[in-house]
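**Student:** Below is one structure. I have some questions about it.
The values are calculated or read from the model by the stated rules, or taken from the named source; none is laboratory data. Treat the numbers as computed from the prediction; the structure is a model and nothing was measured. Note: ideal-geometry Cβ built from the backbone for every residue, glycine included; neighbour counts use all protein chains shown.
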Amino acid sequence: MLEVSNLSVRYGRHLALENAALNVAKGEIVVVLGSNGAGKSTLIKGMAGLVRTEPGAKITLEGTSLHKMPAHRIVDAGLALVPEGRHLFSTLTVNENLMLGAFLPRTRARAEESMERVFAVFPKLKQRLTQIAGTMSGGEQQMVAIGRAMMTCPRLLLLDEPSLGLSPLLTSELFRALPSIATTGTSVLLVEQNSHQSLAIADRGYLIEKGTITGEGTAQELLASEEVQKAYLGM
Ligand code: ATP
């Protein structure tokens, strides 16, 4: 359902992403693993229309070309980004943050139904609707950020390092919820440094190093690969 090829991003003279190619099928969870500065955020921002991409890129979501579309139209086409650092409105309540996700005309009418889908994935949020988002724990805030993206009724959720700043326990609580998003037909593409926990829930993965995708495989293949064990699993 998502097809990306020839995606390159340049910051001035620095080529931060070179000819990236990947695909995600409907209902799949795919992880892109890379260390600090490998180009993970750049890859995600390139797909979401948040950085200028080099000519020749192909980004299609269920047959619709997203390349060169403005970011808000990309969201309307069904691609929702949960940015690194969450970017919640910290003085607003959980309910207000979630409702801000339903800003598109096509999603506003379905807000109640979408909110139920968010509660099915993160039951905790139902009791916290009136809590000020800034007073929540890091893990809870990440749930709100993912919930807000779910309110846009996406076909594909892009998650930029959702485990950042979370303890292993909170990360595993968060990651355990991701398969229930995928089983509703929304695909998930996450970029992560946290290989153990992300490969545990992913169907497939890609490796990115210095702006280039250097490998791919099923989660089992990557877990078993010597290269991945050395570079990402600390074995
Ligand atoms: P991290 O895990 O540390 O967030 P990352 O894999 O997401 O890293 P990117 O943020 O995509 O990496 O950065 C890739 C490279 O591009 C890095 O060398 C970074 O310094 C550079 N870079 C990122 N954003 C900019 C920018 N706005 N201007 C110039 N260089 C940038």
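**Student:** Can you pull out the residues in segment 1-29 that are in a loop (DSSP other than H, G, I, E, B) and within 8 Å of the ligand (Cβ to nearest atom)?
**Tutor:** G12
**Student:** Further question on the same structure: Condition first: touching a Gly at 6+ places or on another chain (Cβ under 7 Å) and of a type in the set (A, V, I, L, M, F, W, C). Now tell me which residues in segment 151-164 satisfy that.
**Tutor:** M151, L156
**Student:** For segment 60-83, check the following and say yes or no: at least one residue is of a type outside the set (F, W, Y), surrounded by fewer than 21 Cβ atoms within 10 Å (Cβ to Cβ), at pLDDT below 95 and under 23 Å from S163 (Cβ atoms).
**Tutor:** yes
**Student:** Here is a follow-up. For segment 30-42, which positions are within 7 Å of the ligand (Cβ to nearest atom) and crowded, with 22+ Cβ neighbours inside 10 Å?
**Tutor:** Residues satisfying the conditions are G34, A38, G39, K40, T42.
**Student:** Any residue that is modelled with pLDDT under 90 and crowded, with 17+ Cβ neighbours inside 10 Å - is there at least one of those in segment 111-127? Steps first, answer last, please.
**Tutor:** First pass over segment 111-127, keeping only residues modelled with pLDDT under 90: none.
Among the residues of segment 111-127, not one is modelled with pLDDT under 90 and crowded, with 17+ Cβ neighbours inside 10 Å, which makes the answer no.
**Student:** If you don't mind, another one. How do the pairs read when you match residues in segment 14-28 that are in contact (Cβ under 8 Å) with a residue 12 or more places away in the chain with residues anywhere that are basic (K, R) and part of a strand (DSSP E or B), using Cβ under 6 Å and keeping only pairs 6 or more apart or on different chains?
**Tutor:** Pairs that qualify, where the first residue is in contact (Cβ under 8 Å) with a residue 12 or more places away in the chain and the partner is basic (K, R) and part of a strand (DSSP E or B): there are none.
**Student:** Follow-up. For segment 1-54, give me each residue that is closer than 18 Å to T218 by Cβ and of a type in the set (D, E, K, R).
**Tutor:** K26, E28
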